[in-house]
Amino acid sequence: MELLDGKKTSQDIQSELKDLVSKRVAEGRKAPHLAAVLVGENGASLTYVNAKVKACERIGFTSTLVKLSESISEEKLLAEINNLNINNDVDGFIVQLPLPNHIDETKVTLAIDPEKDVDGFHPQNVGRMALGLPTFLPATPNGVIELLKRYDIKTEGKKCVVVGRSNIVGSPMSILMSRKGSPGNATVTLVHSRTKNMAEITKDADILIVALGVPEYITADMVKEGAVVIDVGIHRVEDASAKRGFRLKGDVNFKEVAPKCSFITPVPGGVGPMTIASLLMNTYQSVND
Ligand code: GUN
């Protein structure tokens with residue numbers, strides 16, 4: 001079993017981007033500028049957004065964090081988004097999800113200028129992805145693709161099972177794994193909460209990508225010997241003996257499953273850091289000059 005080290009791979013990508021940015025800046029061109037909008041005080045979202053902003057600073061991007069109150073009206077949030085759309089200094093921006101219940105996420109996503117939508121969530125960009133046209137690919141699925149690429153894991157003709165059908169991970173993941181290209185060209189099955197006999201399907205997977213959102217849902221009996229397992233889940237599970245009062249767990253029971261795998265991502269240090277690397281790659285692409 002070999003670990004797919006997302007932390008190290010993300011650092012490699014960040015140092016490549018850092019070199020590219022310093023070359024740009026030395027030529028008198030602008031550094032890429034990422035803005036992140038955070039609404040409310042959700043602890044996990046705050047951690048993720050801070051990690052994204054810090055990564056920008058580390059590699060020489062400019063970044064802006066727009067922190068807004070939990071009680072902001074939808075109208076005011078849409079006005080903030082419009083400000084970012086028309087601000088020529090901002091190349092790309094994201095609105096961290098989830099949003100409070102009184103705000104319509106679809107409306108917000110639609111308000112983002114597709115050319116600045118470095119999360120790749122706007123329907124125009126989702127459509128372009130589905131058609132195989134150049135676009136911003138969503139950060140988490142593209143981070144998984146990049147990890148497979150950098151570990152030279154062959155996907156062509158392989159049976160890939162994606163667990164979970166969310167708009168931001170499972171569904172785009174299934175599209176990217178099945179589309180023409182490398183990584184890609186896999187035979188993909190997408191399973192979800194209403195799937196019958198899920199274990200029978202997952203057990204057949206050469207590549208198993210799990211984004212269901214249930215801690216340690218995937219157990220050893222659901223995995224084929226020699227499979228490549230990618231765990232997208234990340235959960236804070238209470239643990240009084242841990243320093244911070246919780247431990248991070250994935251959707252896969254790592255202890256049980258890891259010995260059966262050819263490759264597996266750890267949690268933390270697997271897909272999470274790759275999401276950041278992928279967002280930074282998109283932001284680098286978003287600069288227009
Ligand atoms: N919430 C969970 N993952 C993501 C992500 O990749 N982007 C945004 N904007 N919100 C998220």
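Under the rule a/c < 1.5 gives rounded, and otherwise a/b versus b/c splits prolate from oblate, where does the chain land using the Cα gyration tensor? Judged from the Cα gyration tensor, the chain comes out prolate (a/c at least 1.5, a/b above b/c).
Karplus-derived 3J(HN,Hα) values for the stretch 133-138, using 6.51 cos²θ - 1.76 cosθ + 1.60 with θ = phi - 60°, are 8, x, 6, 7, 8, x Hz; glycine and proline are entered as x. Probing with 1.4 Å while keeping every protein chain in the model, the per residue accessible area of the chain equals 48 Å². Return the calculated 222 nm mean residue ellipticity for the chain, to the nearest 500 deg cm²/dmol, obtained by summing -39500 (n - 2.57) across DSSP H runs with n ≥ 4 and dividing by the residue count. Using -39500 (n - 2.57) per qualifying helix, the result is -12000 deg cm²/dmol. Of all DSSP bridge pairs formed entirely within the chain, close to 10 percent run antiparallel.
Karplus-based coupling profile of the stretch 61-66, in residue order and whole Hz: 6, 8, 9, 9, 9, 9, with θ = phi - 60° in 6.51 cos²θ - 1.76 cosθ + 1.60 and x standing for Gly or Pro.
The Cα trace of the stretch 230-272 gives Rg and Dmax of 11.1, 33 Å, the first to one decimal, the second as a whole number.
A quarter of the convex hull surface defined by the alpha-carbon atoms of the stretch 111-226 gives 7.8 nm² as the mean projection. Calculate what fraction, in whole %, of the accessible area of the chain sits on carbon and sulfur atoms when a 1.4 Å probe is rolled over the protein chains. Summing carbon and sulfur atoms, their accessible area is 50 percent of the total for the chain.
Using mean Cβ contacts within 10 Å as the protection proxy, how do 13-26, 36-49 order, highest first? Before the final figure, lay out the partial values.
Working: 13-26: 15.2, 36-49: 16.9.
Put in order of decreasing packing, that is 36-49, 13-26.
Does the stretch 136-200 come out rounded, prolate or oblate by the C-alpha gyration tensor, with a ≥ b ≥ c the root eigenvalues, rounded set by a/c under 1.5 and, if not, prolate when a/b is larger than b/c and oblate if not? Verdict is oblate for the stretch 136-200. Positive end of the dipole of the stretch 126-267 (Cβ unit charges, origin at the Cα centre): among S171, G132, I234, the Cα lying farthest that way belongs to G132. Less than 5 angstrom separates the built amide H of T189 from those of C160, V161, V162, all sequence-distant by 5 or more or on a different chain. DSSP beta bridges fully contained in the stretch 131-289 are about 20 percent antiparallel.
Built from the Cα atoms of the stretch 65-165, the convex hull projects on average onto 8.4 nm², one quarter of its surface area. Look at the Cα gyration tensor of the stretch 1-158: its axes a ≥ b ≥ c give a/c of at least 1.5 with a/b over b/c, and that counts as prolate.
Each residue was assigned an accessible area with a 1.4 Å probe, and for H235 the value is about 30 Å².
The values are calculated or read from the model by the stated rules, or taken from the named source; none is laboratory data. All of these numbers come straight from a predicted model, not from anything done at the bench. In this analysis, Cβ positions are derived from the backbone assuming ideal geometry, glycine residues included, and neighbour counts consider all displayed protein chains. Surface areas here come from the heavy atoms of the whole protein model, side chains and all, with no ligands, DNA or RNA. Shrake-Rupley method; radii C 1.70, N 1.55, O 1.52, S 1.80 Å.
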